[in-house]
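Inspection log for the structure reproduced underneath, given as structure tokens.
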Amino acid sequence: MTNELRQYALAVFTLAIEKNELNIVRDSFSEFIEQLDKSAMHFMKHPLFKKSEKKELLDKVIKNSSLKHFLFVLIDNDRFQSIKDIHQAFEELVLNQQETLMVTVWSKTKLSKADLNRVKEKLEKDNHQKIVVENKIDEMILAGHRIEYSGYIHDTSVNRKLTDLVSELKKN
């Protein structure tokens, strides 16, 4: 992610704090991202649709004025195609402010709440901070899981073990 996209995230984060509506903006932003499907994204990114048409659509669906005007800025600056990256950077800023670490657990299938809780508890103990665990599916994983946070990757997947084995065999 570029520094420019982080600046957009910082702008909406700062605005939300100044207006004392961080949770409202966060909830609205997350809900908007969840509902942003391919056809809506195609409309928002397509250069043949006028910026005024795009803003008119957003004006109808976005209730929070801070988020709405932020999205207008993205449209004006032709940065809407980066909305998901900006949202991710915004979430990181919120979690950092709340002294919370976002952890992604990649697995072949959805993990149980008990499994995710074990990961959360272990990482909270090791890192001495609150942890939010998100489980994402990677169908390429044969078995096991991969945990990612703050640039750290802990890979206990079978895929990683096979890759290591192949490398070891090539050495000999």
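Things worth noting here:
- Each residue in the range 146-159 was checked for being more than 10 Å from residue 104 (Cα to Cα) and surrounded by 16 or more Cβ atoms within 10 Å (Cβ to Cβ), and 3 of them qualify.
- Taken over the range 149-169, the criterion of being within 21 Å of residue 103 (Cβ to Cβ) and not hydrophobic (A, V, I, L, M, F, W, C) is satisfied by 149, 150, 151, 152, 154, 155, 156, 157, 159, 160.
- Checked against the criterion of being over 19 Å from residue 85 (Cα atoms) and in contact (Cβ under 8 Å) with a residue 40 or more places away in the chain, the range 24-32 has at least one qualifying residue.
Every residue, every condition in (1) more than 29 Å from residue 22 (Cα to Cα); (2) assigned to a strand (DSSP E or B); (3) in contact (Cβ under 8 Å) with a residue 12 or more places away in the chain; (4) among the hydroxyl-bearing types (Ser, Thr, Tyr), yes or no:
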| position | (1), (2), (3), (4) |
| --- | --- |
| 103 | no, yes, yes, no |
| 109 | yes, no, yes, yes |
| 116 | no, no, yes, no |
| 131 | no, yes, yes, no |
| 135 | no, yes, yes, no |
| 139 | yes, no, yes, no |
| 160 | yes, no, yes, no |
| 165 | yes, no, no, no |
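- Of all the residues in the range 21-42, those that are closer than 14 Å to residue 94 by Cβ and surrounded by fewer than 15 Cβ atoms within 10 Å (Cβ to Cβ) number 3.
- Taken over the range 90-114, the residue count meeting the criterion of being at pLDDT 90 or above and either assigned by TED's automatic domain parsing to the domain that holds residue 20 or over 30 Å from residue 139 (Cβ atoms) (or both) is 1.
The values are calculated or read from the model by the stated rules, or taken from the named source; none is laboratory data. From a predicted model like this one, the values you see are computed outputs, not experimental measurements. Glycine also receives a Cβ, built like all others from the backbone with ideal geometry; neighbour counts cover every protein chain displayed.
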